[in-house]
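All remarks here apply to the structure that follows.
The values are calculated or read from the model by the stated rules, or taken from the named source; none is laboratory data. Here the structure is a predicted model, which is why all the values come from computation and not from measurement. The area values use the complete protein model at the heavy-atom level, side chains included, leaving out ligands, DNA and RNA. Shrake-Rupley method; radii C 1.70, N 1.55, O 1.52, S 1.80 Å.
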Amino acid sequence: LLPSVSTDDRKSRAACLESGLDNSPMYDDATFDEETCTCSFADVGLMGLYVMDCDKLATIARLLGRNAEAQELDERADRFRTKLRSMWDDEAGTYLNVRLDTGEKQYRYAPTMFYPLLANAPTAQQAERMMKEHFYNPEEFWGEWILPSIARNDPAYPDQDYWRGRIWGPMNLLVYMGLCNYDLPEARRALAEKSEKLLLKEWHEMGHVHENYSADTGAGCDKESSVPLYHWGGLLCLIPMIEDNFLPAPGESID
């Protein structure tokens, strides 16, 4: 499929694709570990998602009376939550990805830096710092259209191509779900309102619900790689529905 690319580069590319973020610049310099067949990359976003999964599955297991499985899942969650907390960088005011082959911290910021909120890893003070210094930072994520999939001041942001700066419904929803674990009502409301505005812009203009959107203009049709009718674009309006109590918040009963 990629005749001009070396086998090692193909393997590395395939490992990066497992992140679900395809061409994200976070993985531009990632290397491939032949022994584990994975990227040599500690990813705070993936770790946050994994811990959340363990927590939720443990809850389900207990409801089903599967106590042994619940205990195992609790232990997994606690183990990786501890590892995730160790990736907090106090100078940066956020969690940083780490290259496992070199030990270098990575300073390419994406909304996945907020995914530790899903794992209840940050303290309340750390969560507030992440909002103040990064979420509301117009050089990174704040703006008329949010959340760009890479920070606005990243060299790859002007590409506005797929995960190189475009806005994605699933990413906004996951950040919102993390915010629901903390007392951050202003950030929750802002993300809900801006997500709704983004979806309705092209819906009213074209009747489209896009796969992804420009973080500069809010348009979806500006790129052929953005499918104009794509199911997860609708997640942008799921956020305000939760915020306005039309749907239960994450973790709440539907009764």
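Collect residues whose amide H, placed 1.01 Å from N in the peptide plane, falls under 5 Å from the amide H of Asp161; neighbours closer than 5 in sequence don't count.
Under 5 Å from the amide H of Asp161: Arg166.
Between Thr38 and residues 5 or more places away or on another chain, which pairs have amide H atoms under 5 Å apart, with H built 1.01 Å from N, and which residues are they?
Asp33
For Lys201, which aspartates and glutamates qualify as cross-link partners when the Cα separation must be under 19 Å and same-chain residues fewer than eight apart are set aside?
The qualifying aspartates and glutamates are Glu144, Glu193, Glu211, Asp216, Asp222, Glu224.
Springs between alpha-carbon pairs under 10 angstrom, Gaussian network model over the chain: which of Asn137, Asn212, Asn245 fluctuates most?
Asn245
Apply the Karplus curve 6.51 cos²θ - 1.76 cosθ + 1.60, θ = phi - 60°, to the phi angles in the range 92-99 and return the couplings in whole Hz, x for Gly and Pro.
Each residue's phi maps through the Karplus curve to give 7, x, 6, 8, 10, 5, 9, 7 Hz.
For the range 16-27, take each phi angle, set θ = phi - 60°, evaluate the Karplus expression 6.51 cos²θ - 1.76 cosθ + 1.60, and give the result in whole Hz per residue in order, putting x for glycine and proline.
Computed from phi, the couplings for the range 16-27 are 5, 4, 5, 5, x, 10, 6, 9, 4, x, 4, 9 Hz.
Carbon and sulfur together cover what percent of the accessible area of the chain at a 1.4 Å probe radius?
Working: 6870 of 12900 Å².
Exposed carbon and sulfur together represent 53 percent of the surface.
Considering only DSSP beta bridges whose two residues both sit in the chain, what percent are antiparallel, to the nearest 5?
Of all bridge pairs located within the chain, approximately 90 percent are antiparallel.
Counting heavy atoms of the protein chains only and a 1.4 Å probe, report the per residue accessible area for the chain as a whole number of Å². Write down the numbers at each step before the final one.
Working: 12900 Å² over 255 residues.
Accessible area per residue, the chain: 51 Å².
For semi-axes √(5λ) of the Cα gyration tensor in Å, the listed values are (i) 28, 20, 19; (ii) 27, 26, 19; (iii) 36, 26, 18; which was obtained by calculation from the structure presented?
(ii)
Given a 10 angstrom Cα cut-off, can you work out which residue in Gly165, Gly220, Gly207 is the most mobile in a GNM of the chain?
Residue with maximal mean-square fluctuation among Gly165, Gly220, Gly207: Gly207.
Mean separation of Cα pairs under 8 Å and 6+ residues apart, divided by the residue count of the chain: what relative contact order is that in percent? All intermediate terms of the calculation are to be shown ahead of the outcome.
Details: 411 pairs, mean separation 37.5, N = 255.
Relative contact order for the chain comes out at 15 percent.
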